[in-house]
1. Residues in the stretch 212-237 that are part of a loop (DSSP other than H, G, I, E, B), over 10 Å from A180 (Cα atoms) and among the charged types (D, E, K, R): how many?
2. Answer yes or no as to whether E315 is charged (D, E, K, R) and within 30 Å of R431 (Cα to Cα).
3. Take the residues of the stretch 255-285 that are without any contact (Cβ under 8 Å) to a residue 60 or more places away in the chain and not in a helix (DSSP H, G or I): which is surrounded by the most Cβ atoms within 10 Å (Cβ to Cβ)?
4. Of all residues being touching a residue at least 60 places away in the same chain (Cβ under 8 Å) and part of a helix (DSSP H, G or I) in the stretch 108-161, which is farthest from the chain's Cα centre (by Cα)? Just the residue, please.
5. Of the residues T85, T76, T63, which is within 18 Å of the chain's Cα centre (by Cα), among the polar types (S, T, N, Q) and either farther than 16 Å from P436 by Cβ or surrounded by fewer than 24 Cβ atoms within 10 Å (Cβ to Cβ) (or both)?
6. Quick check: is even one residue across the stretch 383-404 among the aromatic types (F, W, Y) and over 23 Å from G47 (Cβ atoms)?
7. Just to be sure I understand, how many residues within the stretch 25-73 are closer than 30 Å to D326 by Cα, of a type in the set (S, T, Y) and part of a loop (DSSP other than H, G, I, E, B)?
8. Name the residue that is farthest from Y68 (Cα to Cα), counting only residues in the stretch 312-340 that are out of contact with any His (no Cβ under 8 Å at 6 or more places or on another chain) and of a type in the set (A, V, I, L, M).
Amino acid sequence: MAADIVIRGGQVVSADAVFEADVAIEGGKIVAVGDAPGAKTTIDASGKYVIPGAIDSHVHFRTPGYEYKEDWQSGTGAAARGGVTTVLEMPNTRPPTGTLEALKMKQDIAARQAYVDYGIYGLLDEHNLDALEALIDAGVSGFKCFMGNTFGDLPAPSDGAMLEGFEILARRGMRCTVHAENASIMARRQARLEAAGRSDPLAHLASRPEVCAIEAVSRAVVFAEWTGGRLHIAHKSSKDALYVLRDAKRRGVDVTVETCPQYLLLSTRDHERLGNALRVNPPIREPGHQEPLWRALREGVVDMIATDHAPHLPEEKARASVWQCDCGFPGVETQMPLMLTEVNRGRMSISDYVRWACVNPAKAWGFFPNKGVIQPGADADLVVVDARREWTLDQSQLFSKSKISPWHGRRVQGAPVMTLVRGKVVMEDGRIVAEPGWGKPAKQKMPAPAPRNVDKTTAAITAVRETLRKVG
């Protein structure tokens, strides 16, 4: 019997090898890798790589509440053009995804608009701890805790609330992503800088020194280790807290770490060219941080590449004062070309890229082996890559609504030329060829929970008190 689709003649890439093979797809699943049967449709991948679809663990699609910046259709279309087949979307929308009602609203929007598969983060904050388990039951893929301020001005929870939240998530086996910067230090320093008249691009960096990350990463690791919770460090920007993460992993703490192209490839030298448009949280740092991050990827201290896709309108990035410029810029569409360029330059192998962009995120979020790998039984989330194509990134051509990018004018080599999501061609030669709504919630199965110190959790000590009250 003929398969639905066979991709023929490509170089199939895993985290460990590159080999020529056909890939057969039936019913949205990969059914054979090697000598494939006949097919109703054949895709010629001769001279190209066939890789698993990238999984971006950190995107902001701004909907509901800020649809003018991005929506799920424009954001997931940008993902498909960038070779990303699964996204995890952040909760700092309006309303934030911290209640069942807000989650249902976002789920309904995503179901109508998404081109690629997705997970949705729930919010962990000071006031919604009673809702965390209901959000898990309703389908969130993980949680986000903003230890430092970012777009949406969600206040950082107290340490007590954060620890109690980690206790709940540890018992349920859910991973919590943290924006690991110390909110108090940053607020005080920004106020002092503003009072001193500093509003230049580097003032933002001065307000968020590396110690903010060292302290916050350390605190999050302590809470995760104490509770047995699963922790994810978002957008690692600097070398300074890597020793904390290296030591935590050696002790067996379940902590995963992402970095982003902007932290691997840019430095403060780029402020001369880009000015306030480069404002992002955490900030782009001085030369000297980039190579340690590359080394941490190679060593496994940093697990994956994400983007922190954070779209805004150009005018929101072009204000004279850095404090008035919105933080972040689009990235889901440009990540793969930027990283393929580094493959071509010899900085990493194509298998390294698949490990960091596909396999490791799939494992961290419970999608593996359904996603992140090319093998029979996996979802047919596939990208055909032309590693020889040379071109120039152009912000005006982005599918995202956000037409401002620090990568504008950058010469790259390597491009995703076809993206398939569960066996359906969604992007071909830069054109979105599917209908919105094809994307579905990504099926997730996390390992069994391994909570620790359960007799000392807030739930446990209050239950004892309640028992004593009833006995008395």
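1. 0
2. yes
3. V257
4. D159
5. Being within 18 Å of the chain's Cα centre (by Cα), among the polar types (S, T, N, Q) and either farther than 16 Å from P436 by Cβ or surrounded by fewer than 24 Cβ atoms within 10 Å (Cβ to Cβ) (or both) holds for just one of T85, T76, T63, which is T63.
6. yes
7. Number satisfying all stated conditions: 3.
8. L340
The values are calculated or read from the model by the stated rules, or taken from the named source; none is laboratory data. Note that the structure is a prediction, hence the values are computed from the model and not measured. Neighbour counts run over all protein chains shown; Cβ positions are idealised from the backbone, glycine included.
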